[in-house]
Every structure is written in C-alpha cells, then in structure tokens.
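No value in this document is a laboratory result; all are computed from the given coordinates. This structure is a prediction, so every number in the text was calculated from the model and none was measured. Cβ: placed from backbone, ideal geometry, glycine included. Neighbour counts: every protein chain shown.
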Number of protein chains: 2
Amino acid sequence: MNDMDSKEQIIKRSIEAKEIYLPHISADPVIFGFDQNELKVLLAKMNYRKQWLLPGGYVQKDEDLDDAISRILESRTGLKNIFLEEFGVFGKKDRSEYYFEDFDDSLFQKQRFISVGYYALYKSSAISPVADEMSEICEWVYIKNLAEIELAMDHREIIEKALLTLREKISYKPIGYNLLPEKFTLQELQKLYEALLGKTLNRGNFYRKIKNLGILKKLEEQRRGGAHKSPDLYSFDRENYAKALENGLSNW
Amino acid sequence: MNDMDSKEQIIKRSIEAKEIYLPHISADPVIFGFDQNELKVLLAKMNYRKQWLLPGGYVQKDEDLDDAISRILESRTGLKNIFLEEFGVFGKKDRSEYYFEDFDDSLFQKQRFISVGYYALYKSSAISPVADEMSEICEWVYIKNLAEIELAMDHREIIEKALLTLREKISYKPIGYNLLPEKFTLQELQKLYEALLGKTLNRGNFYRKIKNLGILKKLEEQRRGGAHKSPDLYSFDRENYAKALENGLSNW
C-alpha cells in the first residue's frame with residue numbers, strides 16, 4: 001500500500017472511530033512468546049510510515065476496559081480468554097503527537113491518548129497473528145532484535161516496562177505455564193528464566209530452588225535423541241502451580 | 001453544608017472542569033500510613049451524600065499523567081515529590097454512574113471515568129490532610145475500620161487492590177523507609193510487615209530473614225523505658241536499601 005492510500009485509510013478510520021470509541025484512552029498489549037531459548041514480542045508493522053507498533057486499540061464507549069483489551073487481542077491473534085495483566089499506564093502529554101503530524105488536528109488518532117499496558121505470556125505456536133487493515137504484517141520479533149527496528153511513539157518504553165515487570169514478577173510468582181510445551185526439561189525451564197532475567201544462572205542453584213517450589217512433576221520419561229545422557233522430562237503440577245500463583249512464593 | 005448547597009457546588013465544578021480537564025480519565029491515590037502498629041489510609045468525606053472517597057482528581061488537558069497525580073496529592077496533603085506507584089486501572093463502564101444519578105447527564109463528573117490507581121506509603125506525621133471545597137473532611141481511616149464506613153463507587157475495590165499489590169511487593173522489595181520513624185526496633189518492623197501481610201510472623205524467622213537482606217544498620221542505642229529488657233534500635237542502611245529497591249530481593 002502506498003503512502004497516499006494509507007493516509008486515506010487513516011482518515012476513514014478516524015470517522016468511524018469517533019462514533020465508536022472513547023476519546024483519549026487506548027490499550028496496548030505486550031504479548032511475549034518463547035522460542036529457540038529466546039523471548040519474542042508480537043508487533044504490527046503499519047502501512048503508514050512503515051513503523052512497528054504494539055497491536056493496540058481503543059475502548060468502545062459502552063465496553064468495560066477489560067473487555068476492550070480481550071477484544072483487541074482476539075482480533076489480532078484469534079485467542080480468546082487470554083490472561084492479561086496490567087503493568088503500566090503511559091500518559092505523557094506528547095507521547096503520540098508526532099506520529100500523526102501530517103494530519104489535521106480533528107483526526108481521532110491524533111488526539112492525546114493515555115494508554116494502558118497489559119502483558120501476557122503465550123506459546124508462540126498457539127497464536128496466529130493477523131494483520132488488521134491498518135498494518136502490513138503482524139508477527140513475532142525477538143527481543144534481541146528490537147534495537148534494529150523502528151518502533152513508533154513510546155512503544156519501546158512500553159515493552160521495556162513490561163519486561164521489567166516480568167522480571168520482578170518471577171521473584172514471587174511461578175512462570176512458564178503458558179510459555180513452555182507440556183513436557184520440558186529443567187534445562188529448558190532454566191533457559192526461560194535466563195531469558196526473562198537477562199542473565200545466566202548457576203545450574204545447581206536453579207535446579208534446587210525450582211524443585212523446592214513444589215510446582216514441578218517429574219515424569220517417567222526422558223528426552224531422547226541428544227548426544228548426551230537423556231535428561232528427565234517434567235511438567236507443571238497444575239494444582240500446586242495455581243496455588244503458588246495465588247499465594248505467591250514469598251516466605252515471609 | 002446541606003445537600004442543596006453541595007449539589008450546586010458540584011454543578012459549578014462541572015462547568016470549570018469541562019474547560020480544564022480531559023474527559024473520561026481520573027486518578028486515585030491510595031496513601032497508606034502506619035500508626036499504633038496498624039495500617040491506615042487517607043480518605044475524604046464528601047459534602048454530597050456524605051460518603052467517603054479516595055482523594056482523587058482529574059488530569060488537565062495539557063498535563064502529563066504523572067504531574068497530575070503529584071498535583072492532586074500535593075493539594076490534599078501539602079507533600080511534594082511523593083514517590084507513587086501505579087498499581088491498577090479501574091475501567092468498568094458503570095463504576096461511577098450511580099454516584100451522580102441525581103444530576104443531568106451533561107455533568108462533567110457523571111461521565112464514564114477510567115481511573116488510574118497509585119499507592120504511596122507515608123509516615124502519617126509527615127502529612128497534614130486538607131479537605132478541599134468538595135469535602136467535609138480529609139483524614140486517616142484505619143484499614144480495620146473500613147468495613148464500618150460507606151465508601152463510594154468502587155473505591156473499596158481500589159483500596160483492596162492496592163493492599164494486595166503491597167503484599168506481593170514486600171516479597172521482593174524492601175519496605176518501611178517512609179513508614180517507620182528513623183530509629184526503630186525489630187519488633188516495630190515486624191509489626192509493619194504483619195500489618196501489611198495481614199498475618200502474624202514467627203519472630204525468630206523474621207529477624208533472621210530481615211537481617212539477611214543487609215538493609216539494616218544496628219545502632220549503638222536501645223529503646224529505653226519499657227518493662228522488659230531494652231531492645232536494640234535500628235535504622236535503614238540508605239545505600240543498601242536503595243540497591244535492594246532497584247534490584248529486588250530475588251535470589252534467582
């Protein structure tokens with residue numbers, strides 16, 4: 001799509017948007033996946049300006065905020081009932097004004113938006129990203145490659161805040177249920193923790209601590225096929241995992 | 001103030017508010033204090049309906065969200081540069097409509113508001129609550145007494161979410177710096193943790209764990225005057241406390 005067409009598309013959307021949505025409020029989901037021992041995030045490349053954005057949206061006038069974020073996410077991923085957690089509100093007065101500077105001030109999208117950030121963790125295989133009409137493509141981008149792409153508005157800051165929140169979270173909540181396959185090795189779980197924390201962990205310490213949480217079930221199976229000794233497979237103990245999620249891992 | 005006068009006051013404020021503030025967005029600060037070994041929260045009793053509310057406010061059209069919450073809080077407490085942390089966004093479509101049901105739909109305050117919740121912890125002695133023109137009184141209410149007062153809109157839910165966030169937070173962040181006097185006993189610190197967690201803790205375990213964090217400095221002084229052996233006084237080690245705040249207490 002050329003730039004003229006994408007501009008017309010934006011103006012057309014503005015007219016509809018004024019009817020449907022609350023002004024000044026938007027929602028941005030940061031969906032993390034885990035693949036090849038690396039974290040990635042779901043992004044859309046816009047037709048206009050060809051910059052990348054989180055696959056966000058607006059809140060309908062007569063819709064709960066929670067329902068809005070579910071609707072936005074389902075339209076982009078096909079997933080229903082995803083558990084999302086709010087992690088930050090982005091409310092600088094000039095956070096998005098530059099993006100639509102070529103448009104008239106009456107454009108719905110050009111007004112000031114305060115955006116609510118939500119994150120979720122999902123197996124990338126469970127998600128089929130769908131580009132909406134405003135975007136060329138919606139796809140996973142590895143966190144390590146974010147430096148190389150052009151992210152619009154303050155969306156780099158939003159992703160960084162989501163990551164920071166996740167890092168804090170894993171010190172008191174279990175993590176992995178939605179990110180790992182049903183059966184996994186302790187090494188795979190360690191790689192996930194390392195990817196989230198952004199640092200390598202001592203294997204012995206990690207194995208001891210993660211086992212002490214009581215959220216793992218050792219299976220009567222090994223992962224076959226490697227050059228080394230076949231490692232044991234584990235799965236999460238659903239009940240204990242849910243308990244740990246509710247009560248936290250705090251030992252005060 | 002009688003109900004007729006308070007209604008007129010609300011209509012007058014609506015006219016000004018439409019000029020000054022963004023529609024649909026509000027901010028609610030949940031300020032916790034610690035006194036007599038109990039947690040308390042700062043609330044305002046409104047002239048209209050005589051119900052209690054968090055001392056919240058709106059966001060000016062040309063003001064960063066962070067600046068708005070600072071301004072709102074300064075006007076109620078006299079405190080500048082309070083560190084506040086966002087903990088939740090409250091966006092049910094009907095969360096506040098009942099409160100202003102006796103007014104015309106054109107009332108600024110009656111529109112749908114999505115409210116951003118912030119919490120802060122403060123020594124109650126540092127705060128001089130000020131009732132604004134809309135409220136009879138602004139004062140501390142003990143958490144244990146909240147069940148006895150009438151809280152308007154969803155403000156009970158907002159306070160509960162703030163408490164839950166605090167409870168999770170103390171498993172990976174130090175707490176107490178703004179809540180305790182400069183010199184305190186380990187027993188006083190334990191009482192604070194117990195008030196926040198809503199449960200009693202084993203003294204031996206607590207003393208051992210809190211000392212292991214490395215955030216305390218034992219002073220060459222004791223608390224005099226009690227019937228028992230004079231307990232040692234402590235203060236926070238500023239540098240280590242700041243480090244723990246930044247890096248978290250996680251031991252992954």
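In nanometres and ascending order, the distances from the A:GLN60 label point to those of the other copies are 3.6 (point 7 Å from Cα along Cα→Cβ).
Summing Lys and Arg as +1 and Asp and Glu as -1 over all other residues whose Cβ lies under 9 Å from the Cβ of A:TRP140 gives a net charge of -1.
The Stokes-Einstein estimate for the protein assembly as shown, based on a Kirkwood radius over Cα pairs and taken at 20 °C with 1.002 mPa s viscosity, is a diffusion coefficient of 84 µm²/s. Number of Lys-Lys pairs in region B:139-216 with C-alpha atoms under 15 Å apart and a separation of 8 or more places or on different chains: 8.
Over all directions, how big on average is the projection of the convex hull of the alpha-carbon atoms in region B:76-174, in square nanometres?
On the way: hull surface 32.5 nm².
In nm², the orientation-averaged hull projection of region B:76-174 is 8.1.
Here the relative contact order of region A:146-252, from alpha carbon pairs under 8 Å that lie six or more residues apart, stands at 30 percent. Each copy carries a label point for B:ARG238 at 7 Å from Cα along the beta-carbon vector; from one copy to the others these points are 5.4 nm apart, nearest first. Only one residue of A:THR200, A:SER235, A:LEU245 has its Cα farthest out toward the positive end of the dipole of region A:186-247, where Lys and Arg carry +1 and Asp and Glu -1 on Cβ, and that residue is A:THR200. Here A:LYS80 is the anchor, and the lysines within straight C-alpha reach of less than 17 Å, apart from those fewer than 8 places off in the same chain, are A:LYS123. Per-residue ellipticity at 222 nm from helix content only, as computed over chain B with -39500 (n - 2.57) for each DSSP H run of at least four residues, stands at -10000 deg cm²/dmol.
Binning all Cα-Cα separations of region B:138-235 at 5 Å, short to long from zero, yields these whole-percent fractions: 2, 10, 18, 21, 16, 13, 9, 6, 3, 1.
In region A:1-124, one over the average inverse separation of all distinct C-alpha pairs is 15.5 Å, which is the Kirkwood hydrodynamic radius. Give the Debye-formula value of log10 I(q)/I(0) at each listed q (0.07, 0.10, 0.13 Å⁻¹), with one equal scatterer per alpha carbon of chain B, two decimals each. The Cα Debye sum returns log10 ratios of -0.29, -0.56, -0.86. In nanometers and ordered shortest first, the copy-to-copy spacing of the B:LYS18 label point, defined 7 Å from Cα toward Cβ, is 1.8. The listed peptides B:67-77, B:178-188, ordered by packing as a protection proxy, come out as B:67-77, B:178-188 (highest mean of other Cβ atoms within 10 Å first). Summarising the overall dimensions of region B:186-247 from its C-alpha atoms, the Rg and Dmax are 12.8, 40 angstrom.
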